[in-house]
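Comments concern the structure below.
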Amino acid sequence: MRWLSDRALVRLRRVTELPDLTGTKYRLVEEIGRGGMGTVYLAEDTPLARRVALKILDQDHTPKELSARLLTEARVLARLEHPGIVPVHDVGELADGRVFYTMKYVRGRRLDQHVEETLPLSERLRIFVRTCEAVAFAHAHRILHRDLKPENIMVGPFGEVLVMDWGVAKLLDKSATGTETDTGGMADGELPASAGSPMATAHGVVMGTPGYMAPEQARGEVDRVDPRSDVYSLGAVLQFLLTGQIPSEAPTAVSETNQGNRPGGTIGGKTGPPRQLRAVIEKAMAEDPEERYDTAAELADEIQRYLDGRQLLAYPESPVVRTGRFLARHRVAVILLLTYVVVRALVLLFGGR
Amino acid sequence: MEDDTRIGGPEGRFPVTRWTVIEGVQSDDPGERERALGTLAATYWKPVYKHVRVHWRRSNEDAKDITQDFFTRLIEKRYLDSYDSSKSRLRTFLRTCVDRHVQNADRDERRLKRGGDLSRLDIDFVGVEEELARKGLGAEASPEELFEQETIRSLFGLAVDDLKKECEARGKTVHFQVFEAYDLADREDDRGPTYGDLAADHALAVTDVTNYLAWARREFRRLVIERLREMTGSDDEFRREARSILGVETG
């Protein structure tokens with residue numbers, strides 16, 4: 001038997017692990033991420049001399065069905081031209097038959113890492129609104145993400161926010177595909193209920209991440225998963241952003257899910273989020289989809305209303321409270337107005353003497 | 001580099017269909033069991049021998065006896081009947097069996113150099129001591145790490161042998177030579193030949209070197225996977241091992 005030195009062994013493990021890009025225009029640089037379905041590498045597009053992220057299925061001798069799913073994921077992304085969604089450049093096939101696609105290489109940090117820094121509430125909410133806008137754009141194109149979580153949101157060095165990993169996205173646009181299509185990839189944390197067929201998309205197969213999944217999604221009720229399921233996940237992301245706490249992992253029991261996901265906690269030892277935002281989280285993460293915001297756009301509007309000091313859908317206020325809040329928000333203007341009124345009154349009262 | 005070890009039994013064979021040594025060792029057919037033992041020993045005799053030498057600090061001669069005896073008793077005592085791939089990896093199970101075997105041998109103070117109705121394995125231990133000397137007997141790796149490292153070394157070494165045979169059979173000896181020069185040499189990564197050097201050595205275009213190397217690596221990986229498939233007890237274990245050793249899921 002051939003004896004292999006430690007150095008040869010290390011080299012062999014590395015070269016056999018790395019994908020063979022022979023015959024493509026890409027040159028491999030390094031691995032940058034790994035998920036349940038595939039691995040993402042940093043590669044160089046040699047003719048254009050630019051760096052791209054290259055995603056390849058891990059499976060050797062990839063089944064056609066799985067290849068089709070990766071292609072669908074690439075097509076989903078290709079349809080979503082939005083500043084908050086990473087653009088796809090190219091799709092292709094390696095010499096070993098594995099399908100790959102390339103996308104913009106995003107330099108940035110995952111949201112869960114980004115918020116480890118002390119960020120003001122307004123910045124956290126700005127990131128959240130940008131996230132909602134990207135998801136709302138996808139919803140407008142009849143596409144559900146189905147695995148929204150801080151690990152799948154990137155924040156760039158200039159504050160740009162990108163929603164990543166559309167591997168388990170679901171296309172609802174029958175007119176475009178001829179049928180309802182499910183990319184059904186296996187992202188991190190996916191919970192295949194059927195060990196024999198982890199990619200299956202029938203009832204009972206759970207795709208998503210515990211804690212961030214809507215109850216109907218956790219139960220594998222595929223027919224009930226709609227944009228409001230993504231709204232639930234966005235609510236969980238908001239909770240994470242405001243409390244620093246990961247929503248509890250209760251993927252199947254509805255009551256437990258919501259018991260564990262009550263917003264609370266603290267950010268950096270300070271008191272928890274304002275009551276209004278807690279109400280927003282509760283509404284977004286309502287057990288019954290009917291009680292949630294209908295769309296991600298509606299949720300973004302709600303946060304914008306909070307930022308503008310306007311009344312929230314999730315937090316009705318009495319006229320007294322509303323008036324008090326109005327006065328507090330426009331304190332300077334009110335003081336000026338009152339001062340003006342008082343001065344005018346005094347002028348009227350004593351000016352005629 | 002010359003082959004330094006000769007293993008008896010049917011090593012070198014690998015089935016096209018899904019066949020595992022676990023099934024073979026548990027078979028009632030003596031021929032099938034012998035074949036399985038040969039395959040198992042081809043991959044594991046060096047890890048076992050080195051484990052006994054390094055972890056148990058046995059002499060060269062004692063380690064040879066223990067290794068020989070372990071594989072014959074593996075079948076005689078049906079050690080693998082209690083193996084459950086959902087609970088542990090085969091190599092972890094085997095290392096535990098070796099430890100128990102050494103303890104029993106100490107207790108009994110005897111080692112049977114026979115294997116029931118099986119012929120004794122023909123293991124040529126020449127060269128294995130040299131390998132140990134290169135690494136050093138006082139290697140800092142834990143017993144688990146050493147056993148894993150040596151198992152992978154054996155697995156890859158056998159796959160290299162398979163690749164060489166395949167290249168010879170398919171008239172692709174230059175492919176193997178390029179692979180050998182670039183990937184198998186004991187050198188630092190930045191001290192080896194360039195693609196240009198290899199192209200000049202073998203009168204090839206540089207693009208041919210790229211393609212030959214890519215082909216050889218692809219075949220090598222396939223052969224490792226085939227060996228691995230044989231040496232694991234279940235599809236789950238196979239996938240875990242493939243991911244651990246090659247970083248890939250395998251279908």
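Taking the residues in segment A:289-331 that are within 18 Å of A:Y232 (Cα to Cα) and not in a helix (DSSP H, G or I) as candidates, determine which candidate is farthest from the chain's Cα centre (by Cα).
A:Y315
Could you give every pair whose Cβ atoms fall below 8 Å, whose first residue belongs to segment B:29-48 and is over 19 Å from B:T92 (Cα atoms), and whose second residue is assigned to a helix (DSSP H, G or I), counting only separations of at least 6 or pairs across chains?
That search, which allows pairs on different chains as well, returns B:E32/B:G24; B:R33/B:G24; B:R33/B:V25; B:R33/B:I75; B:R35/B:G24.
When you look at A:R34, is it more than 8 Å from chain B (Cβ to nearest Cβ), within 23 Å of A:D147 (Cα to Cα) and modelled with pLDDT under 85, yes or no?
Yes.
Suppose we keep only residues that are free of Cβ contacts under 8 Å to residues at least 60 places away in the same chain and of a type in the set (A, V, I, L, M, F, W, C) within segment B:49-64. Which one would you say is surrounded by the fewest Cβ atoms within 10 Å (Cβ to Cβ)?
B:W56
Tell me, yes or no, whether segment B:183-200 has at least one residue that is surrounded by 19 or more Cβ atoms within 10 Å (Cβ to Cβ), within 23 Å of the chain's Cα centre (by Cα) and either away from chain A (no Cβ under 11 Å) or modelled with pLDDT of 80 or more (or both).
Looking for residues that are surrounded by 19 or more Cβ atoms within 10 Å (Cβ to Cβ), within 23 Å of the chain's Cα centre (by Cα) and either away from chain A (no Cβ under 11 Å) or modelled with pLDDT of 80 or more (or both), one finds at least one in segment B:183-200, hence yes.
Can you name every residue in segment A:1-26 that is within 11 Å of chain B (Cβ to nearest Cβ) and not in a loop (DSSP other than H, G, I, E, B)?
Hits for segment A:1-26 are A:D6, A:R7, A:A8, A:L9, A:V10, A:R11, A:L12, A:R13, A:R14, A:V15, A:T16, A:E17.
For segment A:316-328, how many residues are within 18 Å of A:A279 (Cβ to Cβ) and surrounded by 12 or more Cβ atoms within 10 Å (Cβ to Cβ)?
Qualifying residue count, segment A:316-328: 5.
I need the full set of residues from segment B:202-214 which are modelled with pLDDT of 85 or more and closer than 19 Å to A:A8 by Cβ, in order please.
Result: B:V209, B:Y212, B:L213.
Is there any pair with a first residue in segment B:229-251 that is within 10 Å of another protein chain (Cβ to nearest Cβ) and a second that is modelled with pLDDT of 75 or more and part of a loop (DSSP other than H, G, I, E, B) whose Cβ atoms are under 8 Å apart and which are 6 or more apart or on different chains, and what are they?
B:D236/B:S85; B:D236/B:S86
If B:D162 meets every condition in (1) at pLDDT 90 or above; (2) more than 11 Å from every other protein chain (Cβ to nearest Cβ) apart from one, which number is that one?
Status for B:D162: all satisfied but (2).
The values are calculated or read from the model by the stated rules, or taken from the named source; none is laboratory data. Nothing here was measured: the structure is a model prediction, and the numbers come from that model. Cβ atoms come from the backbone with ideal geometry, glycine included; neighbour counts cover every protein chain shown.
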